[in-house]
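I have placed the structure first, in the form of structure tokens, so that the comments after it can refer back to it.
FYI, it's all coordinate maths here, none of it is from the lab. All values derive from a computational prediction rather than experimental measurement. Cβ placement follows ideal geometry from the backbone for every residue including glycine, while neighbour counts extend to all protein chains displayed.
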Amino acid sequence: MPPSASGGGMLGVVSDLNALADDLGALGKVAEGKGWYFVPQTFLKQNPQLKELLDHYVSKDGSATQITVLLSKDPYAPESIEAVGGIQAKLESIMAAPDGGVKYTGYVGGMATMVHDLVRTMSKDMGKV
């Protein structure tokens with residue numbers, strides 16, 4: 001997935017997430033019904049570090065993967081904190097099964113997420129005081 005050409009804060013993040021959703025959808029179609037994604041042994045032989053990379057991002061049983069999203073702004077920047085909500089919403093829409101079948105679970109983590117959660121909690125708590 002190419003980085004957003006706009007580099008424009010939340011719109012750039014949403015654009016990149018839409019591209020990621022398209023890429024994941026295409027990858028899902030390739031592996032549909034197989035329950036796995038095939039990495040040719042030739043790739044692993046030519047690039048031994050690829051095995052280490054796969055081990056880091058894919059669970060041993062192949063049922064889970066980690067996707068890393070790097071924001072261009074400081075994690076404490078308002079744009080980053082705002083982007084977390086958009087990332088969470090997009091992730092939920094990607095993970096929902098449209099046919100009512102298996103629903104996948106996704107989590108968003110990192111410093112911007114912690115700050116986002118803290119700001120959200122404080123705004124709710126302060127509203128009650």
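Straight-line reach from K73: taking Cα to Cα under 16 Å and skipping same-chain neighbours fewer than 8 places apart, the aspartates and glutamates in range are D16, E82. Once the other residues with Cβ under 12 Å from the Cβ of L118 are scored (Lys, Arg +1; Asp, Glu -1), what is the net sum? Cβ neighbours under 12 Å give a net charge of 0.
Fewest neighbouring Cβ atoms within 10 Å first, the residues K51, K103 line up as K103, K51.
Counting Lys and Arg as +1 and Asp and Glu as -1 over every other residue whose Cβ lies under 15 Å from the Cβ of S72, the net charge comes to -3. Please enumerate, by chain and number, the aspartates and glutamates with C-alpha under 15 Å from the C-alpha of K60, excluding those fewer than 8 residues away in the same chain. Leaving aside aspartates and glutamates fewer than 8 places away in the same chain, those within reach of K60 are E52.
Report the FRET efficiency, 1/(1 + (r/R0)^6), for V119 and Q49, where r is their Cβ-Cβ distance and R0 is 41 Å, rounded to 0.05.
Computed FRET efficiency for V119 and Q49: 0.60.
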